[in-house]
1. Relative to the Cα centre, what is the charge dipole magnitude of segment 8-62, using +1 at the beta carbon of each Lys and Arg, -1 at the beta carbon of each Asp and Glu, and rounding to the nearest 20 debye?
2. Filter the trypsin sites (Lys or Arg not before Pro) in segment 7-68 down to the DSSP loop ones having no more than 13 other Cβ atoms within 10 Å, then list what survives.
3. Can you work out the FRET efficiency for the pair Q58 and R6, with r the C-beta to C-beta distance and R0 = 22 Å, to the nearest 0.05?
4. Could you tell me how far the Cα centroid of segment 41-64 sits from the Cα centroid of segment 1-36, in Å?
5. For segment 25-38, what does the Karplus curve 6.51 cos²θ - 1.76 cosθ + 1.60, with θ = phi - 60°, yield as ³J(HN,Hα) per residue in whole Hz, taken in order and with x for Gly and Pro?
6. What number, rounded to the nearest 500 deg cm²/dmol, is the helix-based mean residue ellipticity at 222 nm of the chain, given -39500 (n - 2.57) per DSSP H run of at least four residues and division by all its residues?
7. Give me the number: length gained by fully extending A51 to Q31, i.e. 0.36 nm times residue separation minus the C-alpha to C-alpha distance, one decimal in nm.
8. Over the alpha-carbon set of the chain, work out the extent along each principal axis and list the three values in angstrom, largest first.
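Each reported figure results from applying straightforward, stated rules to the coordinates on display, with no laboratory input. No experiment lies behind these values; they were computed from the predicted model shown. Ideal geometry is used to build each Cβ from the backbone, glycine not excepted, and the neighbour counts take in all protein chains shown.
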Amino acid sequence: MNDSFRDLKARVRRLDELLSAGAMANVQFAQALSQVHRALRRGDRSREPTAELEALVQRAEALAPSAG
């Protein structure tokens with residue numbers, strides 16, 4: 001797995017933690033994160049993350065509840 005993909009997966013893990021911490025009520029966030037997981041399963045971990053995958057993660061991060 002390359003470093004860029006590893007960093008992306010770390011961002012997704014943080015989003016997963018938010019979801020499990022009670023953000024399930026935010027349906028749009030949960031759906032966006034589900035799309036990210038589907039794209040990750042299709043992704044090639046030996047290459048740079050695609051622009052589509054990066055956009056999906058950014059969308060999920062934008063919909064995530066604030067940590068503060």
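1. Numbers: 10 positive and 7 negative charges, 36 e Å.
Approximately 180 debye in magnitude.
2. Working: sites: K9, R11, R13, R14, R38, R41, R42, R45, R47, R59; in loops: R45, R47.
Passing both the DSSP loop test and the Cβ count: R45, R47.
3. Details: r = 17 Å, r/R0 = 0.79.
Rounded to the nearest 0.05, the efficiency is 0.80.
4. Each part reduced to its Cα centre gives a spacing of 10 Å.
5. With the stated coefficients, segment 25-38 comes to 5, 8, 5, 4, 5, 4, 5, 5, 5, 4, 4, 4, 4, 5 Hz.
6. Numbers: 3 runs with 47 residues, N = 68.
Rounded to the nearest 500, the figure is -23000 deg cm²/dmol.
7. Numbers: separation 20, 0.36 × 20 = 7.20 nm, distance 1.89 nm.
Fully extending the segment from A51 to Q31 adds 5.3 nm.
8. 34, 19, 16
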